[in-house]
Amino acid sequence: MAELTYRDAVARGIAQEMARDPDVIFFGEDIAKAGGVFKTTVGLLEQFGPKRVRDTPISEQAILGAAMGAAMTGLKPIAEIMFSDFFAVCFDYIANEFPKSRYMSDGQLKCPLVVRTANGAGSRFGAQHSQSVENWAMMIPGLKVVAPSSPRDVVGLLAAAVRDPDPVIFFEHKSLYATKGEVPDGEIVDTLGTARIVRSGKDATILALALMVPRALDAAERLQAQHGIDCEVVDVRSLVPLDTQTILGSVARTHRVFTVEENPRLCGWGAELVSIIADEAFYDLDGPPVRITTPHIPLPAADVMEDIVLPTVDRITETVRRSLSA
Amino acid sequence: MARKPSRAPVSSARGDGVNDDIGEELRLRLYQTQVTIREAEQRAYDLFLQNLVKGTSHLSLGQEAVAAGFAVAMKPGDLSFCTYRGHAHTLARGVSVEKVLGELMQRSNGLMRGKGGSMHLTSAEHGVMGSYAIIGAHLPIACGAALRAQYKGQNDVSVCFFGDGTTNIGAFHEALNFAAVWKLPVIFVCENNLYMEYTPIGDVTAVEHPAADRAAAYGLERIVVDGNDADVVYRTAAAAYDRARAGKGPSLIECMTYRHSGHSRADPAKYRPEGELERWKQHDPIKIYRERLKQFGVQEPAIAAIESEVKRVVDAATEKCKAAPPPPLDILWTDVYADGGWAWRN
């Protein structure tokens, strides 16, 4: 067991899979010699050489298109898009190409690839380098969508993504890169489509993803200590496939549900989860489902503003407390 | 100031030693392939008028020599990446007329049983790795297939066909740079038929030859050829395949050609200047190659036999497609994911 940063866990996860399978190659902007702009890929070039770990031009369409062509003809590429905001310049591959080729070809083509990307706010980068866009990927049939919240999950879910036969969009959170956690020694392979109950509780379920998981956990501790409210926190981990059994099971026990989403309000992933819960667990609920989101505005750069708009521990705590005492 | 492109057919050295050494068998294959495309595309058009081909369709009537020349010069294992105007390239790789027409007619005997349609013809077993309906999308994808060949030390070449309109989209430029920097075994084939959809390419492009005049920006040779002469295309293609297989990197080839029909079924092509279509029909690829065969001593009965056999095949395919049932509805739910199904939740 070693304590690793989320950042180092990325390199460890990629290295684990590249060492296992020579068909895994990795490319993106500044990922090889520079070790990544977030230093998530340091040492991979030295370990696996320039044929397998390649710097690309700033050409997001070429990066994703090449990953797809390599995947459909036998490789298992990992492509990095430096900031998830840049999906907007290569969205054709994410929306039209990766997820549809198998279906349109009546099963003749395959697309086993992973797109890793740095998602989320907290770095004061402003509206074009801070967004949480996992909902952009979630809405497209044919993709799988994962967003780990801990170093251990980074390694395990990345391994699962690389081994998965479908295109997987892997959202790393920029503000988690420096966080630390215990990671077991040896090979770790997790399972896509599984949520995890990271705190058990009986009074309410909080559904969270990525950076919102540690915030939900902090809020749960505060709610317990200050208000005697015992929250269950579910790390959703995988938006597609979605572990509705774990989610609905938790709601059936606690009878209240809150989502904590970093993406802006309209069509955030929590809306879909709340809709499923309303459809299938309506009579388990003792009160309305509540979504805690970033408001429907572009993200500001200044720290005092960015801090206010993201769901904070204070806001989560206060929202849950008020709802349960109403 | 952009120069207007020449609207006249490119003149080439017809039969002037360009492809004298390929032998009769290959020459007949070039002709048979072109005639198959012509007959199948004409049939698709006719079926359309009978409302038996639904949706849209983009024909390659007049552009048969590009598909035939590149396909006949390929080796088994080489990969084709096509656009929505991809019937010709699919047929040229040996996919049956029945499977192509079946897909256009949305029948259960279609290539993808109606799940793809006219714009997405795919036959992986023939090396047709998809037809892509978003302009430019498949150039980077072809780069990726070529990257795999290079990485695994495999000797196949990826060939990417696209129209003149593609040369003004970002993915074209990204892919060319990417392929050139990594010396990938990929060939980019621009079929310049003078019109993107309805607008002449020359009206909206800063250079006369939209592909070839950009080649220098990527350190590539400027290549413009007569795309209506299958011998010229074949010879150009063969040189590019050799270059790719020798590890010398990509080629960008602009084939001058002309589509006899509109952009798609909805387009009567009224925007053409008077006489242009007629001039190009004088430079029709089938006409050129029929004469070429005669120059090389192929007798009229042998040529007519090829033509009637193709017609018989297309007629038989048409009847089979008309008799075929629509796709089974259970396949709606298959192959969204690799497990064969569509489940997004437990």
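Just checking, does segment B:71-78 include any residue being more than 13 Å from chain A (Cβ to nearest Cβ), in contact with a strand residue (DSSP E or B) (Cβ under 8 Å, 6 or more places away or on another chain) and at pLDDT below 95?
Looking through segment B:71-78, none of the residues is more than 13 Å from chain A (Cβ to nearest Cβ), in contact with a strand residue (DSSP E or B) (Cβ under 8 Å, 6 or more places away or on another chain) and at pLDDT below 95.
Which one is surrounded by the fewest Cβ atoms within 10 Å (Cβ to Cβ), of the residues in segment A:160-171 that are within 14 Å of the chain's Cα centre (by Cα) and either away from chain B (no Cβ under 14 Å) or closer than 15 Å to A:Glu80 by Cα (or both)? Talk me through it step by step, then tell me what you get.
Step one: of segment A:160-171, the residues within 14 Å of the chain's Cα centre (by Cα) are A:160-161, A:168-171.
Narrowing the set further to residues that are either away from chain B (no Cβ under 14 Å) or closer than 15 Å to A:Glu80 by Cα (or both) leaves A:161, A:168-171.
Details: A:Ala161: 27, A:Val168: 28, A:Ile169: 30, A:Phe170: 25, A:Phe171: 22.
Step by step, filter segment A:160-171, then rank; the result is A:Phe171.
Can you tell me how many residues in segment A:12-64 are among the basic types (Lys, Arg) and either more than 21 Å from B:Gly153 (Cα to Cα) or touching a Ser or Thr at 6+ places or on another chain (Cβ under 7 Å) (or both)? Reasoning before the result, please.
Step one: filter segment A:12-64 for residues among the basic types (Lys, Arg), giving A:12, A:20, A:33, A:39, A:51-52, A:54.
Still in the list and also either more than 21 Å from B:Gly153 (Cα to Cα) or touching a Ser or Thr at 6+ places or on another chain (Cβ under 7 Å) (or both): A:12, A:33, A:39.
Count: 3.
Considering only residues of segment A:245-290 that are among the small types (Gly, Ala, Ser) and without any contact (Cβ under 8 Å) to a residue 12 or more places away in the chain, which is surrounded by the fewest Cβ atoms within 10 Å (Cβ to Cβ)?
Top of the filtered list is A:Ser275.
Any idea which of A:Lys174, A:Lys180 is within 13 Å of the chain's Cα centre (by Cα) and at pLDDT 95 or above? Lay out the reasoning, then the answer.
Working: A:Lys180 fails: within 13 Å of the chain's Cα centre (by Cα).
Being within 13 Å of the chain's Cα centre (by Cα) and at pLDDT 95 or above holds for just one of A:Lys174, A:Lys180, which is A:Lys174.
Suppose we filter B:Arg243, B:Arg214, B:Arg235 for residues that are of a type in the set (Lys, Arg) and closer than 20 Å to B:Gly136 by Cβ; which single one remains?
Just one listed residue meets the conditions, B:Arg214.
In segment A:1-95, which helices (runs of 4 or more DSSP H) lie fully inside it and hold 3 or more residues that are buried (at least 22 other Cβ atoms within 10 Å of the Cβ) and assigned by TED's automatic domain parsing to the domain that holds A:Ala121? Break it down into steps so the answer makes sense when it comes.
Values: elements: A:6-20, A:44-48, A:60-72.
Here the list reads A:6-20, A:60-72.
Residues checked against (1) of a type in the set (Ser, Thr, Tyr); (2) in contact with a strand residue (DSSP E or B) (Cβ under 6 Å, 6 or more places away or on another chain):
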{"position": "B:Gly163", "(1), (2)": "no, yes"}
{"position": "B:Glu174", "(1), (2)": "no, no"}
{"position": "B:Ile187", "(1), (2)": "no, yes"}
{"position": "B:Tyr195", "(1), (2)": "yes, no"}
{"position": "B:Pro210", "(1), (2)": "no, no"}
{"position": "B:Asp213", "(1), (2)": "no, no"}
{"position": "B:Glu221", "(1), (2)": "no, no"}
{"position": "B:Val232", "(1), (2)": "no, yes"}
{"position": "B:Thr236", "(1), (2)": "yes, yes"}
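Check B:Ile135 against each of (1) more than 20 Å from B:Met196 (Cα to Cα); (2) part of a loop (DSSP other than H, G, I, E, B) and name the one condition it does not meet.
That leaves (1) as the condition not met.
Taking A:Gln226, is it at pLDDT 95 or above, farther than 14 Å from A:Asp203 by Cα and more than 14 Å from chain B (Cβ to nearest Cβ)?
Values: at pLDDT 95 or above: yes; farther than 14 Å from A:Asp203 by Cα: yes; more than 14 Å from chain B (Cβ to nearest Cβ): yes.
Spelling it out, A:Gln226 is indeed at pLDDT 95 or above, farther than 14 Å from A:Asp203 by Cα and more than 14 Å from chain B (Cβ to nearest Cβ).
Exactly one condition in (1) within 18 Å of the chain's Cα centre (by Cα); (2) at pLDDT 95 or above is false for B:Met196; which is it?
B:Met196 satisfies all of (1) within 18 Å of the chain's Cα centre (by Cα); (2) at pLDDT 95 or above except (2).
Among the residues that make up segment A:115-133, is at least one of them within 14 Å of chain B (Cβ to nearest Cβ), farther than 16 Å from A:Pro300 by Cα and outside any helix (DSSP H, G or I)?
yes
Find the residue count for segment B:288-346, including only residues that are part of a loop (DSSP other than H, G, I, E, B), among the small types (Gly, Ala, Ser) and more than 14 Å from chain A (Cβ to nearest Cβ).
Pass one, segment B:288-346, residues part of a loop (DSSP other than H, G, I, E, B): B:296-299, B:324-328, B:334-344, B:346.
Now narrow it down to the ones that are among the small types (Gly, Ala, Ser): B:297, B:324, B:338, B:340-341, B:343.
From what's left, more than 14 Å from chain A (Cβ to nearest Cβ): B:297, B:324.
Residues flagged as part of a loop (DSSP other than H, G, I, E, B), among the small types (Gly, Ala, Ser) and more than 14 Å from chain A (Cβ to nearest Cβ) within segment B:288-346 amount to 2.
Looking at segment B:88-96, is at least one residue surrounded by fewer than 23 Cβ atoms within 10 Å (Cβ to Cβ), within 13 Å of A:Met104 (Cβ to Cβ) and either basic (Lys, Arg) or within 17 Å of the chain's Cα centre (by Cα) (or both)?
No: zero hits.
For segment B:111-128, how many residues are in contact with a Gly (Cβ under 9 Å, 6 or more places away or on another chain), part of a helix (DSSP H, G or I) and more than 7 Å from every other protein chain (Cβ to nearest Cβ)?
Total meeting the criteria: 3.
Before we move on, is B:Ser131 at the interface with chain A (Cβ under 8 Å from one of its Cβ atoms) and under 16 Å from B:Ala67 (Cα atoms)? First the steps, then the outcome.
Values: at the interface with chain A (Cβ under 8 Å from one of its Cβ atoms): no; under 16 Å from B:Ala67 (Cα atoms): yes.
Judged against the criteria, B:Ser131 is not a match.
Would you mind telling me which numbered condition in (1) part of a loop (DSSP other than H, G, I, E, B); (2) charged (D, E, K, R); (3) under 19 Å from A:Trp136 (Cα atoms) A:Asp190 fails?
For A:Asp190, the failing item is (3).
Can you list the strands (runs of 3 or more DSSP E) lying wholly within segment B:162-277 that have 2 or more residues being surrounded by 24 or more Cβ atoms within 10 Å (Cβ to Cβ)?
Numbers: elements: B:186-192, B:224-226, B:251-256.
Result: B:186-192, B:251-256.
For A:Ala137, indicate whether it is surrounded by fewer than 24 Cβ atoms within 10 Å (Cβ to Cβ), assigned to a helix (DSSP H, G or I), small (Gly, Ala, Ser) and more than 9 Å from chain B (Cβ to nearest Cβ).
So A:Ala137 does not fit the description; no.
Per-residue answers, yes or no, for (1) outside the structural domain of A:Thr319 (by TED's automatic domain parsing); (2) assigned to a strand (DSSP E or B):
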residue	(1), (2)
A:Val154	yes, no
A:Ala161	yes, no
A:Phe171	yes, yes
A:Ser175	yes, no
A:Thr205	no, yes
A:Val213	no, no
A:Asp218	no, no
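The values are calculated or read from the model by the stated rules, or taken from the named source; none is laboratory data. Quick caveat: nothing in here was measured; it's all calculated off a predicted structure. Neighbour counts run over all protein chains shown; Cβ positions are idealised from the backbone, glycine included.
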